[in-house]
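What follows is calculated from the coordinates using simple rules that are stated; it is not laboratory data. What you are looking at is a predicted structure, and each value in this text was computed from that prediction instead of being measured. No Cβ is skipped: glycine too gets one built from the backbone with ideal geometry, and neighbour counts run over all protein chains shown.
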Amino acid sequence: MERVFSGIQPTGVLHLGNYLGAVRNWVAIQSDYECIYCVVDLHAVTQSYDVAAMPGRILELATGLLACGLDATQVRLFVQSSLPQHAELAWVFTCVTSMGELGRQTQFKSKSEQQADNINVGLFAYPVLQAADILLYKASRVPVGEDQEQHLELSREIARRFNARFGATFPEPRTLFTSTPRIRGLDGAAKMSKSLGNHIAVDEDEAVLRRKLASAVTDPARQKRADPGHPEICNIYSLHKFFSDSGSCQEIESACRTAAIGCVDCKKRLGDQLLAHFAPIRERWRTLRERPDEVRDVLRQGQRQCQQLADATMAEVRAKMGLNW
């Protein structure tokens, strides 16, 4: 069985972008692969963050992942910083990675623009730590979105370079092609993000969800209720395609094009679908929030299981590099 690695940052709430872009795929593949999933808190500290809130965010994210359907008997779920081998291997990899390669990473450029007052070395070397996360467990497959494909190619290059210099050690991880859509925020102009204030949380309160949908951008070309709509450019309709069945989507598309349905009604229908879809997840989430020790036990179990793999990899790396004192 092929081994899969993927991670998610504890930087905010679990929202529709996270769910559609990653988490639902994690759940879908957990029976078909040996899955290692990680709360990547070391990546999160490349941004400004609330130190006191971090432990709670980690626990809340892990709770949400389990509520969404991750099965602790099938996957290994743990916190990145609980295994220092991630940082050790990242340092090793920085020594076989050039400044030019990191400078060409498009995500570094975009994130630098977002946090111009905090362009730190960790942000610059982010893809190297990402390579270490993957290769520490010798994962052969990685489910990534389009914005991470460049980083995965760098991981392959780092693996090739290490292998050429020190001997065959790491596989060259391949993309696991799953449905990983890029979900626009409610403003319709950017990727969904808590920091941008354009998100809907998986466990959103109904009143808040309805209010957010009411102010969400729809078809910019449709100025009046009587105007025909263009669902192919409407962000609300794009979400319907994930949460409404095909028959409903066809009906909404046709009604929109003929102005038989307005944006208010379309948003109400989407709200109904979101509430129905996430109702069992919200219920499991509430139950798990009342049992935080169970969630911590899952994380500790995952840490113990991954510790064995990490120890073996680093012992091999140190021996091949002559660092095995």
Q: Pull up the cross-link candidates among the aspartates and glutamates for residue 194, meaning alpha carbon to alpha carbon under 19 Å and not fewer than 8 places away within one chain.
A: 41, 50, 60, 113, 147, 203, 204, 205, 206
Q.
Classify segment 249-325 from the C-alpha gyration tensor, please: rounded if a/c falls under 1.5, else prolate or oblate depending on whether a/b exceeds b/c.
A. oblate
Q: Would you mind checking the radius of gyration and Dmax of segment 1-145 based on alpha-carbon positions, in Å?
A: 15.3, 45
(Q) Quick check: pseudo-label points 7 Å beyond the Cα along Cα→Cβ at residue 291 and residue 214, how many nm apart are they? (A) 3.7 nm
Q. Taking the Cα atoms only, what angle lies between the long axis of helix 246-257 and the longest principal axis of the chain, rounded to 10 degrees?
A. 60 degrees
Q | Using θ = phi - 60° and Karplus 6.51 cos²θ - 1.76 cosθ + 1.60, couplings along segment 265-274 (whole Hz; Gly, Pro as x) | A | 5, 4, 5, 4, 4, 5, x, 4, 5, 5
Q: Scan around residue 35 for amide H atoms under 5 Å from its own, H built in the peptide plane at 1.01 Å from N, and keep only partners 5 or more places away or cross-chain.
A: 4, 76
Q | residue 257-residue 106 FRET efficiency (beta carbon distance; Förster radius 35 Å; 0.05 resolution) | A | 0.45
Q) Rounded to the nearest 0.05, what FRET efficiency is calculated for residue 32 and residue 120 with R0 set to 35 Å and r the Cβ-Cβ distance? A) 0.40
Q. Residue-wise, which Karplus ³J(HN,Hα) couplings in Hz belong to segment 240-245, taking 6.51 cos²θ - 1.76 cosθ + 1.60, θ = phi - 60°, and x for glycine or proline?
A. 4, 5, 8, 10, 10, 5
Q | Principal-axis tilt of helix 292-321 within the chain, Cα atoms, nearest 10 degrees | A | 40 degrees
Q | Residue-span extension gain [residue 241 to residue 319] - 0.36 nm each, minus C-alpha spacing | A | 22.9 nm
Q: With no solvent and one equal point scatterer placed on each C-alpha of segment 206-286, evaluate the Debye formula and give log10 I(q)/I(0) for q = 0.14, 0.24 Å⁻¹, two decimals.
A: -0.46, -1.15
Q | Rounded to whole Å, sorted largest first: equivalent-ellipsoid semi-axes of the chain, Cα gyration tensor | A | 39, 22, 18
Q: Treating the angle as unsigned and between 0 and 90°, give the value, to the nearest 10°, between the Cα long axis of helix 54-67 and the longest Cα principal axis of the chain.
A: 70 degrees
Q: Return the FRET efficiency for the residue pair residue 272, residue 48: r is the Cβ-Cβ distance, R0 is 56 Å, and the value is rounded to the nearest 0.05.
A: 0.90
Q: Give the shape of segment 149-308 as rounded, prolate or oblate, defined through the alpha-carbon gyration tensor: a ≥ b ≥ c are the square roots of its eigenvalues, a/c under 1.5 means rounded, and otherwise the shape is prolate if a/b is larger than b/c and oblate if not.
A: oblate
